[in-house]
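*Asks:* Next up is a structure, given as structure tokens.
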């Protein structure tokens, strides 16, 4: 069977995941993608999108040829965790070894906030991701493949990359209206550019952000990062970020939320907000599963990660086994990873009941 025909045969997989997100299928699942090693394959001085497209096409072919039953072959247009912030300017700082791209802040004084203006869509990483998509389609001779969004930082995360963070923290207390206005403007831009990205790709082929490695059907929501959560008090988060998240969730049908750190203090605000939250990623030991499950029960999908070497669990499989004991038979743990990162055979054996 040709790669094109295999790529086109995705409807059963998409329907399976749609049922899982909607709670019609429950319990734990495992999915293992081929590691997209081309993520942040950047050298800003000699950047070649065609080289990224070639690597992405090779990765998709490997996904298709793997033994994974439920994989949606997708592009990971990862140009760094600064994709949303870069729309507002600032010097991009790629490290010599690649990966971990940074950006300099452009707002160092609250009086400059009203000048905050996003670049055109055509100059954004969203447009570059569209260009990458069509390059990959051309290499695979098919447009029946999926893509993820560029790194989709939430409004507060974006502002924290755009504005000097000490100044940001002080301004939230001293001139909150200025921060609300900036966040409102950023949220409007994020929604507008995300919608246009989806429209230009077409066909419901956007299946989440570059992380985590789950597959979120386009009509069910957007996937975004909330890594500023650990630095904010519950009241500040509830006041400044929750209204922005509500707008994004309403625009796209719900949210998948990623946060690497400790965010249990914000769970009550998220729960009480009425925002449609489809899933929460959590990293142990920063945010224990039991603290999330206590509030959200089996209503959402849980995406677990074990952070680094941990004295509580010798490996990821041991961690997963303990999680299964803490949850119920209906709890939707999605162990989404990449081949070679964990012992997938042991993990699959663990969840077969």
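*Asks:* With the requirement that a residue be farther than 16 Å from residue 245 by Cα, touching a residue at least 40 places away in the same chain (Cβ under 8 Å) and surrounded by fewer than 20 Cβ atoms within 10 Å (Cβ to Cβ), what does region 175-204 give you?
*Replies:* Just the residues of region 175-204 that are farther than 16 Å from residue 245 by Cα, to begin with: 175-178, 196-204.
Next, from what is left, pick out any that are touching a residue at least 40 places away in the same chain (Cβ under 8 Å): 175-176, 178, 196-197, 200-201, 203.
Within region 175-204, 175, 176, 178, 196, 200, 203 meet the criteria.
Each row is one residue, and each column tells you yes or no for (1) in contact with a helix residue (DSSP H, G or I) (Cβ under 9 Å, 6 or more places away or on another chain); (2) surrounded by fewer than 15 Cβ atoms within 10 Å (Cβ to Cβ); (3) within 24 Å of residue 208 (Cα to Cα).
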| residue | (1), (2), (3) |
| --- | --- |
| 251 | yes, no, yes |
| 267 | yes, no, yes |
| 272 | yes, yes, no |
| 277 | yes, no, yes |
| 281 | no, no, yes |
| 303 | no, no, yes |
| 313 | yes, no, no |
| 327 | yes, no, no |
| 338 | no, no, yes |
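*Asks:* Next up: When you scan region 239-248, do you find a residue that is assigned to a loop (DSSP other than H, G, I, E, B) and in contact (Cβ under 8 Å) with a residue 24 or more places away in the chain, even just one? Quick ask: steps written out before the conclusion?
*Replies:* Within region 239-248, the subset assigned to a loop (DSSP other than H, G, I, E, B) is none.
No; the residues of region 239-248 include none that is assigned to a loop (DSSP other than H, G, I, E, B) and in contact (Cβ under 8 Å) with a residue 24 or more places away in the chain.
*Asks:* While we're looking at this one, here's another question. Hey, can you tell me all the residues within region 74-90 that are outside any helix (DSSP H, G or I) and over 19 Å from residue 208 (Cα atoms)?
*Replies:* First pass over region 74-90, keeping only residues outside any helix (DSSP H, G or I): 74-84, 89-90.
Within region 74-90, 89, 90 qualify.
*Asks:* What is the number of the single condition among (1) farther than 30 Å from residue 104 by Cβ; (2) assigned to a helix (DSSP H, G or I); (3) touching a residue at least 24 places away in the same chain (Cβ under 8 Å) that residue 215 does not meet?
*Replies:* (2)
*Asks:* Return yes or no: is residue 71 outside any helix (DSSP H, G or I), over 23 Å from residue 336 (Cβ atoms), touching a helix residue (DSSP H, G or I) at 6+ places or on another chain (Cβ under 9 Å) and in contact (Cβ under 8 Å) with a residue 24 or more places away in the chain?
*Replies:* On the way: outside any helix (DSSP H, G or I): yes; over 23 Å from residue 336 (Cβ atoms): no; touching a helix residue (DSSP H, G or I) at 6+ places or on another chain (Cβ under 9 Å): yes; in contact (Cβ under 8 Å) with a residue 24 or more places away in the chain: yes.
Here the answer is no, as residue 71 does not meet what is asked.
*Asks:* With respect to the numbered conditions (1) modelled with pLDDT of 95 or more; (2) assigned to a loop (DSSP other than H, G, I, E, B); (3) in contact with a strand residue (DSSP E or B) (Cβ under 8 Å, 6 or more places away or on another chain), which one is the sole condition not fulfilled by residue 118?
*Replies:* Residue 118 satisfies all of (1) modelled with pLDDT of 95 or more; (2) assigned to a loop (DSSP other than H, G, I, E, B); (3) in contact with a strand residue (DSSP E or B) (Cβ under 8 Å, 6 or more places away or on another chain) except (3).
The values are calculated or read from the model by the stated rules, or taken from the named source; none is laboratory data. No experiment lies behind these values; they were computed from the predicted model shown. Methodologically, a virtual Cβ is constructed for each residue, glycine included, from the backbone with ideal geometry; neighbour enumeration extends over all protein chains shown.
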